[in-house]
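The values are calculated or read from the model by the stated rules, or taken from the named source; none is laboratory data. Just so we're clear, the structure is a prediction, and the values are computed from it rather than from any experiment. Cβ coordinates were reconstructed from backbone atoms using ideal geometry, including for glycine residues, and neighbour counts include every protein chain displayed.
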Amino acid sequence: MSLGRKVDIAGIYQSAKLLTQLIEQEMNKGIPSEHIVLAGFSQGGVIALHAGLTFPHKLAGIIALSTYFPTLEQLKSELSVANNATPIFMAHGILDSVVVIEAGKAVFNALHALEYNIEWHDYLMEHSVCIEEIGHISTFINDIFS
């Protein structure tokens with residue numbers, strides 16, 4: 001789904017690589033990858049999804065808020081089986097005019113069709129975060145670590 005503007009695919013790959021390096025640094029310090037949750041809002045959600053779904057070690061979870069995922073088709077051959085069952089929380093504002101909700105829902109539908117462990121939430125808000133959403137994120141994280 002097009003956002004009506006140019007997407008910097010090379011920048012997404014570069015940012016995801018940097019995030020992957022950061023995760024590996026934390027693992028080298030003794031933090032198990034299963035204790036790491038990636039989270040991002042808007043473009044940060046793109047990076048969290050891209051890095052998380054291609055990372056070769058199991059992660060605790062992925063949170064992608066008000067986002068889209070322009071690299072999914074290119075990544076299908078690079079998706080890591082390590083994170084097939086990793087819980088993914090997606091949320092979007094119904095009134096979002098920056099990243100339209102249809103772009104986020106298309107990502108959810110594509111990942112759901114690939115049988116990822118994914119949940120969807122939408123809220124009466126624009127391109128932002130709301131209290132109800134924060135509560136749902138809190139529950140999501142608590143469920144992961146309980």
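Some values worked out for this structure:
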quantity	calculated
Pairs, first under 24 Å from L59 (Cβ atoms) in the stretch 2-20, second outside any loop (DSSP other than H, G, I, E, B) and at pLDDT below 85, C-beta under 8 Å, six or more apart	I9/Q74
Members of the stretch 1-59 that are within 19 Å of H127 (Cβ to Cβ), in a loop (DSSP other than H, G, I, E, B) and either at pLDDT below 95 or not hydroxyl-bearing (S, T, Y) (or both)	M1, S2, L3, G4, R5, K6, V7, D8
Within the stretch 137-146, considering residues that are of a type outside the set (F, W, Y) and loosely packed, with under 15 Cβ neighbours inside 10 Å, the one farthest from the chain's Cα centre (by Cα)	S146
Some residue of the stretch 18-33 being aliphatic (A, V, I, L, M), under 23 Å from S146 (Cα atoms), surrounded by 14 or more Cβ atoms within 10 Å (Cβ to Cβ) and in contact with a strand residue (DSSP E or B) (Cβ under 9 Å, 6 or more places away or on another chain)	yes
Qualifying residue in the stretch 75-95 (condition: β-branched (V, I, T) and modelled with pLDDT under 95)	yes
Search result, residues across the stretch 72-100 that are charged (D, E, K, R) and farther than 16 Å from E133 by Cβ	E73, K76, E78
Inter-residue pairs, beta-carbon under 9 Å, first farther than 11 Å from Q43 by Cβ and β-branched (V, I, T) and in the stretch 60-78, second at pLDDT 90 or above and part of a loop (DSSP other than H, G, I, E, B), 6+ apart	I62/T86; I62/P87
Among (1) touching a residue at least 24 places away in the same chain (Cβ under 8 Å); (2) more than 18 Å from F140 (Cβ to Cβ), the one test that F41 misses	(2)
Condition check for F108: in contact with a Pro (Cβ under 9 Å, 6 or more places away or on another chain) and either among the hydroxyl-bearing types (S, T, Y) or not in a loop (DSSP other than H, G, I, E, B) (or both)	no
Hey, M125 in contact with a strand residue (DSSP E or B) (Cβ under 7 Å, 6 or more places away or on another chain), in a loop (DSSP other than H, G, I, E, B), modelled with pLDDT of 95 or more and surrounded by 13 or more Cβ atoms within 10 Å (Cβ to Cβ) or not	yes
Filter pass, A64 being buried (at least 18 other Cβ atoms within 10 Å of the Cβ) and either part of a strand (DSSP E or B) or in contact with a helix residue (DSSP H, G or I) (Cβ under 6 Å, 6 or more places away or on another chain) (or both)	yes
